Amino acid sequence: MALNNYIKRDIVASLRNISLVKAKIADVMPVSQNMRLPDIRECAIFGTQPFECLMDAVINFPDETYTILINKQPVAMCGTAQYPDSKDNASVWMLGTNDIDKHYFVFLRGAKECINILQAEYKNIDNIVPVDHTKTIQWLQWCGFKFEEHIENHYGYDFLRFNRCNLFQSSIYNDTSRPVIH
C-alpha cells in the first residue's frame with residue numbers, strides 16, 4: 001500500500017517538522033516532479049533525468065540514500081557514494097524540490113545536522129557544483145563546505161569542487177601511527 005510508504009518511515013533524525021529518513025522508491029516521483037530548476041539542469045548536464053538519477057540512487061545505494069521530509073512531505077533526496085579507492089572519502093549529493101524555498105528557514109535549521117549524518121563514516125565528502133549556481137554555493141558554504149580555487153570543466157560547463165572534512169574522523173588522535181622514539 002502506497003500510504004504505508006509515508007506512515008512507516010525509518011527516521012534517522014528529526015527536528016520539529018523536518019526529518020531525515022531512509023529513502024523509499026515512493027519518494028522518487030514527488031521529488032523528481034517538483035525539482036528545482038538548477039537541480040534539473042545539473043542532471044541534464046550529466047545526461048540524465050531527475051527520475052532516473054533518484055531511482056538509481058534508491059536502488060543501487062539504498063543504505064546511503066535519504067529523503068528529507070518537511071511536514072512529512074518529501075522535499076529533497078540526498079546521500080553519499082563511497083569512492084571505490086578510499087573507504088574514508090565519499091561523494092555527497094542532494095537534489096531538491098521547489099518546496100525547499102517555501103520552507104527555507106526550516107530547511108536551513110536542519111541542514112547542518114543532515115550533513116553531519118551523511119558524513120559520519122567519512123573523513124572527507126566532496127562533489128562539484130556549477131559555478132553559476134550561486135544559491136547552492138552559498139548554502140554549501142553555510143553548511144561548512146570549502147571550495148577549491150580552480151575551475152573544473154565537465155561536458156562544456158564550469159564547476160567548482162567543494163569538500164568538507166570530518167573533524168572527528170580526521171583528528172590525528174583518531175589515526176593509528178607508529179610510536180615516536182625519543
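The values are calculated or read from the model by the stated rules, or taken from the named source; none is laboratory data. All figures in this text were calculated on a predicted structure; none of them were measured in a lab. Here the Cβ positions follow ideal geometry from the backbone for every residue, glycine too, while neighbour counts run over all protein chains shown. Remember, those area values only see protein heavy atoms, side chains included, never the ligands or the DNA or RNA. Shrake-Rupley method; radii C 1.70, N 1.55, O 1.52, S 1.80 Å.
Per-structure values
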quantity	calculated
Boolean, D101 is modelled with pLDDT of 95 or more and either part of a helix (DSSP H, G or I) or farther than 20 Å from F162 by Cβ (or both)	no
Subset of region 65-81 [without any contact (Cβ under 8 Å) to a residue 60 or more places away in the chain and under 17 Å from E113 (Cβ atoms)]	Y66, T67, I68, I70, V75, A76, M77, C78, G79, T80
Residue in region 61-82 that is out of contact with any strand residue (DSSP E or B) (no Cβ under 8 Å at 6 or more places or on another chain), among the aliphatic types (A, V, I, L, M) and surrounded by 12 or more Cβ atoms within 10 Å (Cβ to Cβ) present	no
Filtered residues of region 13-53 (kept if touching a residue at least 12 places away in the same chain (Cβ under 8 Å), outside any helix (DSSP H, G or I) and either among the hydrophobic types (A, V, I, L, M, F, W, C) or out of contact with any strand residue (DSSP E or B) (no Cβ under 9 Å at 6 or more places or on another chain) (or both))	A13, L15, R16, I18, L20, V21, A23, M35, F46, G47, Q49
Restricting region 95-122 to residues that are open to solvent by 10 Å² or more (accessible area, probe 1.4 Å) and of a type in the set (S, T, N, Q), the residue that is nearest to R36 (Cα to Cα)	N98
So L37, is it more than 16 Å from the chain's Cα centre (by Cα), open to solvent by 20 Å² or more (accessible area, probe 1.4 Å) and of a type outside the set (D, E)	yes
Top-ranked residue of region 1-26 - restricted to ones that are within 15 Å of the chain's Cα centre (by Cα) and not β-branched (V, I, T), ranked as modelled with the lowest pLDDT	A13
Residue under evaluation V92, criteria (1) in contact with a Gly (Cβ under 9 Å, 6 or more places away or on another chain); (2) open to solvent by 80 Å² or more (accessible area, probe 1.4 Å), criterion not met	(2)
F145, sole failed condition from (1) in contact with a Lys or Arg (Cβ under 6 Å, 6 or more places away or on another chain); (2) modelled with pLDDT under 95	(2)
